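What follows is a short report on a single structure.
The values are calculated or read from the model by the stated rules, or taken from the named source; none is laboratory data. Since we're looking at a predicted model, the values are computed, not measured. In this analysis, Cβ positions are derived from the backbone assuming ideal geometry, glycine residues included, and neighbour counts consider all displayed protein chains. Note: areas computed on protein heavy atoms with side chains; ligands, DNA, RNA excluded. Shrake-Rupley method; radii C 1.70, N 1.55, O 1.52, S 1.80 Å.
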Amino acid sequence: MSVILKTEKLRVEYPNRESRQGRKVALSGLDLEVNAGEVFGFLGPNGAGKTTTMNVLLGFLPPTSGTASLFGIDVRQPIARQRIGYLPENTYYYKFLTAEELLRFYARIFGLTSAEADRRIAELIQLVELGHAAKRAIKTYSKGMQQRVGLAQALINNPDLLIFDEPTSGLDPLGRMKVREIIQRLKNEGKTVFFSSHELGEVETVCDRVAIINQGELKVRGSVADLVERHQANLEKVFLDIIGYQPQPVS
């Protein structure tokens, strides 16, 4: 299988604002490989380094050392990001726009012709099930609907790789189910999905492989089925064991 996302010995350091001395290590020698056509879950507790990794991949943050590449191209080259779509954890849009207007705005950014934009917008509105609200202002949308608009904008350029940061954060069970269905449809279309999530039940349902990091270090990676079988537990229990969580006794 072809590798389309890869990091090697990726290290990111920040100035230590707490002590004003030394450096804080956000990532320490991270090695990752994501294959074409798979759904890959990137897991870890808050502060583990997940968003830092994504910021490097998206060109928002330069690595201190090591390398990161997309489709075999160094992420520091803008062309590396030509074939990706990105959904941040918190979406910020001009909420006076309608879903159709927002998608047309992004279509222009990617240089789609008017005819191409019309076709893609119609397809995506149907995919994310917002046909009934496509002409309503986004400010009238629920959290789940806004998240689905975000998914649609991430797909407007028909990317081969999708990078999602907590795509089901704050959604109710129905909203999570709809996002899960969309991710499954993307996989069926041959897309590659790389996403972080704290919803381990969702991850166990949709992911082919996962990586778990903690305090900037890769702890384990492999297929969900292998990890569950090896530890004889569901993914949530595997995750808690790997990061060393110890439940506090109830007094």
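Spin-label pair Arg108-Val3: with each label point 7 Å from Cα along the Cα-Cβ axis, the two points sit 4.1 nm from one another. Here is the list for the stretch 105-152: GluC sites (Glu not before Pro) lying in DSSP coil, each with at most 14 other C-beta atoms within 10 angstrom of its C-beta, are Glu129.
Taking chymotrypsin sites (Phe, Trp or Tyr not before Pro) across the stretch 73-174, the ones in a DSSP loop with at most 11 further Cβ atoms lying within 10 angstrom of their Cβ are Tyr92, Tyr94, Phe96.
Which percent, nearest 5, of DSSP beta bridges in the chain are antiparallel?
Counting only bridges with both partners in the chain, antiparallel ones make up about 60 percent.
What is the stretch 170-242 by shape, rounded, prolate or oblate, if you read a ≥ b ≥ c off the alpha carbon gyration tensor as root eigenvalues and call it rounded for a/c under 1.5, prolate for a/b larger than b/c, and oblate otherwise? The shape class here is prolate. With an a/c value of 1.5 or above and a/b larger than b/c for the gyration tensor axes a ≥ b ≥ c computed over the alpha-carbon atoms, the chain is described as prolate. Suppose R0 equals 51 Å; then what is the FRET efficiency for Ala137 and Asp241 from their Cβ-Cβ distance, rounded to the nearest 0.05? Efficiency, from the Cβ-Cβ distance: 0.65.
Please calculate how many Å² of accessible area the stretch 191-251 carries per residue, with a 1.4 Å probe and no DNA, RNA or ligand atoms counted.
Accessible area per residue: 55 Å².
Taking Leu124, Leu58, Leu240 as the candidate residues, the one with maximal mean-square fluctuation in a Gaussian network model of the chain, Cα springs under 10 Å, is Leu240.
If you fit an axis through the alpha-carbon atoms of helix 114-127 and take the longest principal axis of the Cα set of the chain, what angle between them do you get, 0 to 90°, nearest 10? The two axes meet at around 60 degrees. Here is the list for the stretch 42-86: trypsin sites (Lys or Arg not before Pro) lying in DSSP coil, each with at most 14 other C-beta atoms within 10 angstrom of its C-beta, are Arg76. Think of a 1.4 Å ball rolled over the protein heavy atoms: the stretch 1-139 then has 55 Å² of accessible area per residue. Annotation for Asn16 and Ala233: the two label points, set 7 Å from Cα along the Cα-Cβ direction, are 3.2 nm apart. Helix 173-188 and the long axis of the chain differ in direction by around 90°, with both axes built from C-alpha atoms. Surface composition of the chain: carbon and sulfur atoms hold 48% of the protein heavy-atom accessible area at a 1.4 Å probe.
Considering only the stretch 147-251, what is the antiparallel percent among its DSSP beta bridges, to the nearest 5?
Antiparallel: roughly 55 percent of the beta bridges in the stretch 147-251.
By the helix-only formula, in which each DSSP H run with n ≥ 4 contributes -39500 (n - 2.57) and the sum is divided by residues, the chain has a 222 nm mean residue ellipticity of -10000 deg cm²/dmol. Exceeding 21 Å between C-alpha atoms, which entries from my cross-link table qualify? They are Lys50/Lys95; Lys6/Lys191; Lys9/Lys187; Lys143/Lys219; Lys6/Lys143; Lys143/Lys178. Correct reply: Lys50/Lys95; Lys9/Lys187; Lys143/Lys219; Lys6/Lys143.
The share of C-alpha pairs in the stretch 22-141 whose separation exceeds 16 Å stands at 72 percent. Only Cα pairs under 8 Å and 6+ residues apart enter the sum, and on that basis the relative contact order of the chain stands at 25 percent. Here the Gaussian network model covers the chain, with springs between Cα atoms less than 10 Å apart; of Ser114, Ser169, Ser65, Ser114 fluctuates the most.
Computed from the C-beta positions of Asp31 and Ala225 and an R0 of 25 Å, the FRET efficiency is 0.70 to the nearest 0.05.
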